[in-house]
Amino acid sequence: MNASVLVINCGSSSIKYALVPSEPDRPRLAGLAERLGGGDAQLRGVDSRGESFTQALGEADHTRALEAILDRLEGRRPFAVGHRIVHGGESFTRAALIDDDVVDAIERTSALAPLHNPANLEGVAATRRLFPDLPQVAVFDTAFHQSLPPRAYRYALPDALYRDHAIRRYGFHGTSHAYVSRRADRLGGLGGGAWLTAHLGNGCSTCAVWQGQSLDTSMGLTPLEGLAMGTRSGDVDPGLHAHLSRQLGWSLDRIDEVLNRNSGLLGLSGLTNDMRELEAAEAQGHPGAALAIEVFCYRIAKSLAALSCALPRLDGLVFTGGIGENSALVRERVIGLLPHFGLQLNRTVNSETIRGREGRIDAGGRQLWVIPTDEEGQIADETRQRLVQKGRNHT
Ligand code: AMP
């Protein structure tokens, strides 16, 4: 049976795609169309033999790029399309079969994610035009965290800001935290364990998962809250905005730009947001690189310790994302900052566990896992599950 799902992650000027077959051993066709809307759009990807290609698309918009992607599917027809949608607000607690009402509801949530949701919807509209007969499913980055209890999702702000303006913590990276925690349940033989998961990539977040449910997470109303990230500051004093405005005369747009694009590892080091380069620079004695790594690791450990309050017990920690999967140094330092967690790191296995490899890196005691995230696979699974449930509902 053909159960391949075409997973689409549509940004304002890019479309990431993957054709995910239901059989895990069949190759995925995947790639990225970039610089859409300008004059020099291009499509890069891999074919079924694992060979890379690059195709110039000229003045392509999202629809033209999707047509080019279609041509790269080597005649394989998906049975459904799964869309990554960044913000589902409180309307979506799980994946949703897309119809006009769902599109309207996503549009209403756009005020909470003005950079992401409109771009995601552009992809939905183009895909619905190109594949009018295929079911389309929206999978939300926020949905996994809709199980947070009020004590975790409410800010200590006037009630009306929540009631009338939906100001609360939502959390992001939900597909990644859901995937790695379920995988840890399976690998660890726990069947619904108590995990702390750390997704450490360009964006970074932590999550406390108990019996497959997110109970707390480090990101909030926006993906800026929480950990120090590649270029994002993470938590700062909420009084900082007023201070920068009054003392330096900065506009809100400028503050937003600095906190999102010029901060984090890049801002602290004055060098780069790439952990590989920072590790190399620290080894050469670069003080900014050393400080950036130190703050980064400390903030992760502090966040994990805080999130442990959400769990009734702790079975283990999971690292994922570009840094979590690759940086033995970051993992070792984070674990070293949590001596009261009773973790025992197997240093040899830790240093040998790199991208693409799943590995258990503890030497006994609480479990420590490196699990490569698979957001496309998770979106494809949730798409299939949603359609099966829909079928059941109709019978
Ligand atoms: P992601 O957003 O999950 O693709 O992660 C991207 C980040 O992973 C990059 O910015 C790098 O900082 C980091 N990364 C990738 N490979 C390595 C590596 N070998 N060692 C340390 N960090 C890495």
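The values are calculated or read from the model by the stated rules, or taken from the named source; none is laboratory data. All of these numbers come straight from a predicted model, not from anything done at the bench. All Cβ positions, even for glycine, are placed from backbone atoms using ideal geometry, and neighbour counts span all protein chains on display. Areas reflect the complete protein model, heavy atoms only, side chains present, ligands, DNA and RNA absent. Shrake-Rupley method; radii C 1.70, N 1.55, O 1.52, S 1.80 Å.
Some notes on this structure:
- Scanning the range 333-347 for residues that are out of contact with any Lys or Arg (no Cβ under 7 Å at 6 or more places or on another chain) and either hydroxyl-bearing (Ser, Thr, Tyr) or open to solvent by 20 Å² or more (accessible area, probe 1.4 Å) (or both) yields ARG333, GLY336, LEU337, PRO339, HIS340, GLN344, LEU345, ASN346, ARG347.
Table: residues versus (1) open to solvent by less than 60 Å² (accessible area, probe 1.4 Å); (2) in contact (Cβ under 8 Å) with a residue 40 or more places away in the chain.
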{"position": "ARG182", "(1), (2)": "no, no"}
{"position": "GLY189", "(1), (2)": "no, no"}
{"position": "GLY193", "(1), (2)": "yes, yes"}
{"position": "CYS204", "(1), (2)": "yes, yes"}
{"position": "CYS207", "(1), (2)": "yes, yes"}
{"position": "LEU224", "(1), (2)": "yes, no"}
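- Taking the numbered list (1) open to solvent by less than 10 Å² (accessible area, probe 1.4 Å); (2) out of contact with any Ser or Thr (no Cβ under 9 Å at 6 or more places or on another chain) in turn, PRO238 passes all entries but (1).
- Among (1) within 16 Å of the ligand (Cβ to nearest atom); (2) modelled with pLDDT under 95, the one test that LEU190 misses: (1)
- Hey, ARG261 more than 20 Å from ALA305 (Cβ to Cβ), among the charged types (D, E, K, R) and in contact with a Leu (Cβ under 6 Å, 6 or more places away or on another chain) or not: no
- Subset of the range 16-75 (residues that are of a type outside the set (A, V, I, L, M), surrounded by 16 or more Cβ atoms within 10 Å (Cβ to Cβ) and closer than 23 Å to ALA3 by Cα): LYS16, TYR17, PRO21, ARG28, GLY31, GLY45, ARG72
- The single condition from (1) touching a Cys at 6+ places or on another chain (Cβ under 9 Å); (2) open to solvent by 50 Å² or more (accessible area, probe 1.4 Å) that VAL330 fails is (2).
- GLY230 falls short on exactly one of the conditions (1) over 21 Å from the mean Cα position of the chain (by Cα); (2) within 16 Å of the ligand (Cβ to nearest atom); (3) not in a helix (DSSP H, G or I), and that condition is (1).
- In summary, SER214 fulfils each of the numbered conditions (1) more than 16 Å from the ligand (Cβ to nearest atom); (2) surrounded by fewer than 21 Cβ atoms within 10 Å (Cβ to Cβ); (3) outside any helix (DSSP H, G or I) with the single exception of condition (2).
- Some residue of the range 152-161 being closer than 15 Å to ILE85 by Cα and either assigned to a loop (DSSP other than H, G, I, E, B) or modelled with pLDDT under 95 (or both): no
- Being free of Cβ contacts under 8 Å to residues at least 60 places away in the same chain and either closer than 21 Å to TYR179 by Cα or in contact with a strand residue (DSSP E or B) (Cβ under 8 Å, 6 or more places away or on another chain) (or both) holds for only one residue in GLU279, GLU325, GLU257, and it is GLU325.
- Candidates HIS177, HIS199 - the one that is within 11 Å of VAL318 (Cα to Cα), open to solvent by 10 Å² or more (accessible area, probe 1.4 Å) and in contact with a Ser or Thr (Cβ under 8 Å, 6 or more places away or on another chain): HIS199
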